[in-house]
1. Condition first: over 17 Å from Ala251 (Cα atoms) and touching a residue at least 24 places away in the same chain (Cβ under 8 Å). Now tell me which residues in segment 340-362 satisfy that.
2. Just to check your reading of the model, which residue among Gly150, Gly174 is more than 22 Å from the chain's Cα centre (by Cα) and open to solvent by less than 40 Å² (accessible area, probe 1.4 Å)?
3. Between a first residue in segment 51-62 that is more than 16 Å from Ile27 (Cα to Cα) and a second residue that is not in a helix (DSSP H, G or I), which pairs have beta carbons less than 8 Å apart while being 6 or more apart in sequence or on different chains?
4. Quick one: would you say Leu14 is more than 27 Å from Leu276 (Cβ to Cβ), not in a helix (DSSP H, G or I) and not polar (S, T, N, Q)?
5. Which is in a helix (DSSP H, G or I) and modelled with pLDDT under 90, of Ser395, Ser380, Ser357, Ser406?
6. Could you run through segment 60-99 and say how many residues are in a loop (DSSP other than H, G, I, E, B) and of a type outside the set (Gly, Ala, Ser)?
7. Looking at segment 122-144, which of its residues are outside any strand (DSSP E or B) and at pLDDT 70 or above?
8. Quick check on Ala65: is it closer than 21 Å to Leu234 by Cβ and modelled with pLDDT under 90?
Amino acid sequence: MTEGAAAGGHGQLLRALSLRQTAALVIGTVIGTGIFLKAAPMTQLLDKPSLVLLAWLAAGILSLAGALTYAELGAMMPKAGGDYVYLREAYGDLPAFFSGWTSVAIIATGALAALGTAFASFLSVFIPMDAVWIEQTFHFLGEDVHWRLGIAQVVAVGVILLFSAINTRGVALGGQIQWVLTAAKVLGITIIVGGAFLLSREGSWAHLRDPVTITAGGTAGEAATVSAFGAAMLAALWAYQGWSNMTMAAAEVENPGRNVPRALIYGMLIVFGMYLLTNLAYFYALPTAEILTASSTAHRDALPVATKAANSFLGASGGRLISVLFLLSVIGALNGIVLMTSRVPFAMARDGVFFKSLGHLDPRSHVPARAIWVQGIWGSLLALSGTFDQLTTSSIFAQWLIFAVSAGAVFVLRRKMPDAERPYRVLGYPVVPGLFVVGAGW
């Protein structure tokens, strides 16, 4: 990508994202639905509430190590593209191309498909979406796919295209919307945490000492194993995921040498604190047995743990509060992903390794509108295909491999470019980035 693409001016990206908006991109993209759901499957894997909290703590520390590592890379190279840029500079064009292509074809667009479908599912609490016009079962990637086309699929596509259209109007508008959605999301979670601690009818610190009497396999009193803790930690890592996307839009952040590291670090510290407090609130407000049997693979028809916690002080209306929070979380994450990940195909096009037209910037909004629309349309097709679950699942390995290799670029670039300006140097080098590389590889 040319250096000019990172600066303001006609035909160039504008540095219009403030520190507040950039931090909102981190927080709003990370906080999706995991915080409302994951306590149940994690509790089923472990034998003590304290171990569940420890898994959230360990996953948070690993994620924070990643954010600190990316903070050095993002401040050093505040360009559009994120991982794509770091891999290009550290390892060459081929690894960078595969990283960018994977993001465009599967990771980013698969996330948009999943979020659009989740939005339709959560909206169905308020508006019936039972109408199905076409149904078909076929075999794909070794699995039976139950494809359908109905009102839910139309809504999923509609919300993806809506936020694609919004983000073509300018990065400042997308950033401001992200700030509003993130603030509303944080307020809602604060209400749940405060209500659980102060108003829950059955709230007790004694719940934290409750033994888990039934595991996911139905065995009583089975002690947690190292592998079970690892599985629980991976569930928490899924809920922490999304912070790395912010660096993809680093070319549009004001004063990036200062604000990219601060947004990553402040944003992840806020998420870290909220996740620990929220899960502590769940275990305070509810007996462990209630968390154990909340919505999960083992209890598909049960209420989510967040809904049970809200019901403990709001009664039956708690479910509607959580449904509203689900909607806010989903569209906040969706808006952030549209804004940030579309900068990857733009950067690749500017380098001449992707379709040239995607490197075009709208002359009025100074955003890569064509890249945004192509990403949104492909994400919509995945949402309609009925195969996005398989696609997003297969992308997890690639995504964490990219994390590990990108974080390793810190070591490579310190040797390769020792005199390059580094406005921020990762705290605890080499231990902190080394911890993240090992954790991501694992």
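The values are calculated or read from the model by the stated rules, or taken from the named source; none is laboratory data. Being a predicted model, the structure only gives us computed values, none of them experimental. As a convention, Cβ positions derive from the backbone with ideal geometry for all residues, glycine included, and neighbour counts pool all protein chains shown. Ligands, DNA and RNA are excluded from the accessible area calculation, which covers all protein heavy atoms including side chains. Shrake-Rupley method; radii C 1.70, N 1.55, O 1.52, S 1.80 Å.
1. So in segment 340-362, the residues over 17 Å from Ala251 (Cα atoms) come out as 352-357.
Scanning segment 340-362 gives Val353, Phe354.
2. Values: Gly174 fails: more than 22 Å from the chain's Cα centre (by Cα).
After ruling out the rest, the residue left standing is Gly150.
3. Pairs found: Leu51/Ala224; Val52/Leu46; Ala55/Leu46.
4. On the way: more than 27 Å from Leu276 (Cβ to Cβ): yes; not in a helix (DSSP H, G or I): yes; not polar (S, T, N, Q): yes.
Yes.
5. On the way: Ser380 fails: modelled with pLDDT under 90; Ser357 fails: modelled with pLDDT under 90; Ser406 fails: modelled with pLDDT under 90.
Result: Ser395 is the single residue among Ser395, Ser380, Ser357, Ser406 that is in a helix (DSSP H, G or I) and modelled with pLDDT under 90.
6. First, the residues of segment 60-99 that are in a loop (DSSP other than H, G, I, E, B): 77-79, 81-82, 92.
Pick out the ones that are also of a type outside the set (Gly, Ala, Ser) and you get 77-79.
Looking only at that region, the number is 3.
7. Quick first cut of segment 122-144, residues outside any strand (DSSP E or B) only: 122-131, 141-142.
Of everything in segment 122-144, those that are outside any strand (DSSP E or B) and at pLDDT 70 or above turn out to be Phe122, Leu123, Ser124, Val125, Phe126, Ile127, Pro128, Met129, Asp130, Ala131.
8. Values: closer than 21 Å to Leu234 by Cβ: yes; modelled with pLDDT under 90: no.
So Ala65 fails the test.
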